[in-house]
Amino acid sequence: MLERLGRQFGYDERSAALLVLPVFAVLMVVAVYPIIYSFYTSLFDIVLTRPWRRPFVGFGNYARIFADPLFWTAVQRTTVYTVVTVSITTVMALFVALLLNEAFPGRRLLSALILLPWATPSIVNGLMWKWIYDPGYGLLNGILVQLGLLEKYIVWLGDPDKTLFMIANAAIWKQMPLAAILLLVSMKSISNDLYRAATVDGANVFQRFLHVTLPALKPGLMLVLVYETMISIRHFDLFLIMTQGGPGDASYTLSWQIYVETFRNLKFGIGAALSYVLALATFILSYLFIRGFGSKA
């Protein structure tokens, strides 16, 4: 068989295969094996408080998850957070990209400054916004009181109706710059001939944006939507730093539930099953975005 493969592929193909083989082996060890093993783990009732008793339950862990009311609460919180974060991030990034696509003094400096939030470490971002929202000395309360918009300081992260949106705001501040740059790159690839032709046909600024810019931005929008959805639906660090799932279950998302079940309750079987449910949801949403935007790009 090896001789037949050697005759089928030339010297270049065999050399390329040998060069790629170490990378493929590393990927199998660090990526594929953990994925397979985590699914294997999800089929057992593994609790570290009784490590030697690991009964096989098949898809019993998944059945327990779907029967748990707290899981559906986490799904609801995750859905709201993801929709708010992705939609506002994409819209703001589009406006910023349109601004940076225009020629004006200081554009390069502004482009560099806009990337600063994205370059900020996630832990620093979470701590910074936690201090901004602080009910005693937070900057947000101070500014709103000084402007006369508030009579007294508010516990922003202690209000169940506001908590999720406060965390989403912190995520949008960090994620928007990269989305804007990705959309800006797509805008730079649009030919000026299309705009000139639309202008000759009598199209105004809004019509040129609607009929020229937006259709050409479909690949960029697809990339932004897929990336932002994957980031938002799996977001964990802000919830850990700012609220730890509280107050009550106001910010109890799927990623937080995975953490609680795995590292607090030490139920590795349930945690692995929850991880696969979250991964499947991410895959389905990404597929829908790629199918909706990529096929017509």
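The values are calculated or read from the model by the stated rules, or taken from the named source; none is laboratory data. Everything numeric in this text was worked out from a predicted model, so none of it was measured. All Cβ positions, even for glycine, are placed from backbone atoms using ideal geometry, and neighbour counts span all protein chains on display.
Applying a threshold of 8 Å to beta carbon distances and a minimum spacing of six or more residues, or different chains, the list of pairs starting in segment 113-125 at a residue that is small (Gly, Ala, Ser) and ending at one that is at pLDDT 90 or above reads SER122/LYS174; SER122/ASP237; SER122/LEU238. Looking only at segment 71-85, residues that are surrounded by fewer than 18 Cβ atoms within 10 Å (Cβ to Cβ) and touching an Asp or Glu at 6+ places or on another chain (Cβ under 8 Å) come to 1 in all.
For segment 92-140, filtering for residues that are in contact with a Phe, Trp or Tyr (Cβ under 6 Å, 6 or more places away or on another chain) and in a loop (DSSP other than H, G, I, E, B) leaves 2.
Take the conditions (1) in the same structural domain as VAL185 (by TED's automatic domain parsing); (2) closer than 30 Å to PHE289 by Cα; (3) surrounded by fewer than 17 Cβ atoms within 10 Å (Cβ to Cβ); (4) of a type in the set (A, V, I, L, M); LEU27 misses just one of them, which is (1).
For the subset of segment 15-53 comprising residues that are over 15 Å from THR262 (Cβ atoms) and assigned to a loop (DSSP other than H, G, I, E, B), which member is nearest to the chain's Cα centre (by Cα)? By that ranking, first place goes to LEU43.
Report whether or not LEU157 is assigned by TED's automatic domain parsing to the domain that holds TYR287 and either over 24 Å from the mean Cα position of the chain (by Cα) or at pLDDT below 85 (or both). Quick ask: steps written out before the conclusion?
Values: assigned by TED's automatic domain parsing to the domain that holds TYR287: yes; either over 24 Å from the mean Cα position of the chain (by Cα) or at pLDDT below 85 (or both): no.
Here the answer is no, as LEU157 does not meet what is asked.
Sub-6 Å Cβ pairs linking a first residue in segment 75-86 that is within 14 Å of MET166 (Cα to Cα) to a second residue that is acidic (Asp, Glu) and in a helix (DSSP H, G or I), at least 6 apart or interchain, number zero.
Each row is one residue, and each column tells you yes or no for (1) out of contact with any Leu (no Cβ under 6 Å at 6 or more places or on another chain); (2) aromatic (Phe, Trp, Tyr); (3) touching a residue at least 60 places away in the same chain (Cβ under 8 Å).
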position	(1), (2), (3)
LYS218	yes, no, yes
VAL224	no, no, yes
GLU228	yes, no, yes
PHE239	yes, yes, yes
PHE263	yes, yes, no
PHE268	yes, yes, yes
GLY271	yes, no, no
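Could you tell me whether segment 184-192 includes any residue that is aliphatic (A, V, I, L, M), surrounded by fewer than 19 Cβ atoms within 10 Å (Cβ to Cβ) and not in a helix (DSSP H, G or I)? Checked against the condition, which is being aliphatic (A, V, I, L, M), surrounded by fewer than 19 Cβ atoms within 10 Å (Cβ to Cβ) and not in a helix (DSSP H, G or I), segment 184-192 yields at least one hit.
Residues that are buried (at least 17 other Cβ atoms within 10 Å of the Cβ) and not acidic (Asp, Glu): list the helices (runs of 4 or more DSSP H) wholly contained in segment 194-297 that include at least 2 such residues. So that I can check it myself, show each step before the final result.
Working: elements: 205-208, 218-233, 237-242, 254-259, 268-289.
Passing ranges, in order: 218-233, 237-242, 254-259, 268-289.
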